[in-house]
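J.: Can you keep this structure in mind? I'll have questions shortly.
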Amino acid sequence: MATTTMAKNENKAETPVEIRHQKVAEIISSSVKWSAAGGVVPVPYLDLLAIGAVQVQMVRKIAAAYAQDADEQNLKALITALLGTLAPAAVSTGLLGSSVKLIPFSGTLIGSAGMAAFAAASTYAIGKVFVRHFEGGGSMLDFSVDAIKKDLQDEFASASSK
């Protein structure tokens, strides 16, 4: 019976949209893991740079999946602005988490855990918001941080609660 099910799944042709959805889901999943790893970098503030780099690359890959051109300078500005919309969480978790790493021993452990959680949730939220924007026919040129602020905060809250 299992072989029959496998045979049916192998014969099912995936549409280009299904393939793209699977691809962007894998991009987001991988980026969430990498950004969480960046959050545990023991050097204060270097962790923030690592997380930002992962998020920029994730959005660049998502944009490419939707045949959008995304240059690095614009992406850095967008990611910074998006993280700014998460300011209350970013300040309490991001900067504080990174700063706590300055305390010897226990500070590194506590700060790393907080930063990893913040990095994973913010990366997930940013990825989902960009996918939703591109799925709706949007482009990099008409992406508005103000227009997606509520969606970003909702996705962040959802990811943080998991």
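The numbers here are math on the coordinates, done by the rules we state, and not lab data. Quick caveat, the model's predicted, so the values are computed rather than measured. Virtual Cβ from ideal backbone geometry, glycine too; neighbours counted across all protein chains shown.
J.: Starting from the 7 Å offset along Cα-to-Cβ, what nm value, one decimal, do you get for the label separation of residue 33 and residue 53?
T.: Each label point is offset 7 Å from its Cα along the Cβ direction, giving 1.9 nm.
J.: Then there's this: List, in order, the whole-Hz ³J(HN,Hα) value for each residue of region 137-153 obtained from phi through the Karplus relation with A = 6.51, B = -1.76, C = 1.60 and θ = phi - 60°; use x for Gly and Pro.
T.: Here the 3J(HN,Hα) series is x, x, 10, 5, 6, 10, 5, 10, 4, 4, 5, 10, 3, 5, 4, 4, 5 Hz.
J.: Further, regarding this structure: Under a point-charge model restricted to the Cβ atoms of Lys and Arg (+1) and Asp and Glu (-1), what is the dipole moment magnitude of region 20-76 relative to its Cα centre, in debye to the nearest 20? List each step's numbers first, then the result.
T.: Working: 6 positive and 5 negative charges, 39 e Å.
For region 20-76, the charge dipole is close to 180 debye.
J.: If packing is taken as the average count of other Cβ atoms within 10 Å, what order do 117-124, 155-162 fall into, highest mean first?
T.: Ranking the peptides 117-124, 155-162 by packing returns 117-124, 155-162.
J.: Turning to a different aspect of this structure: Stretched out fully, how many nm does the piece from residue 141 to residue 81 gain, at 0.36 nm a residue minus the Cα gap?
T.: On the way: separation 60, 0.36 × 60 = 21.60 nm, distance 1.51 nm.
Gain in length upon complete extension: 20.1 nm.
J.: Now for a different question. Starting at the first residue of region 72-86, write each ³J(HN,Hα) from the Karplus equation 6.51 cos²θ - 1.76 cosθ + 1.60 with θ = phi - 60°, in whole Hz, x for Gly and Pro.
T.: 4, 4, 5, 5, 4, 5, 5, 4, 4, 5, 5, 5, x, 6, 9
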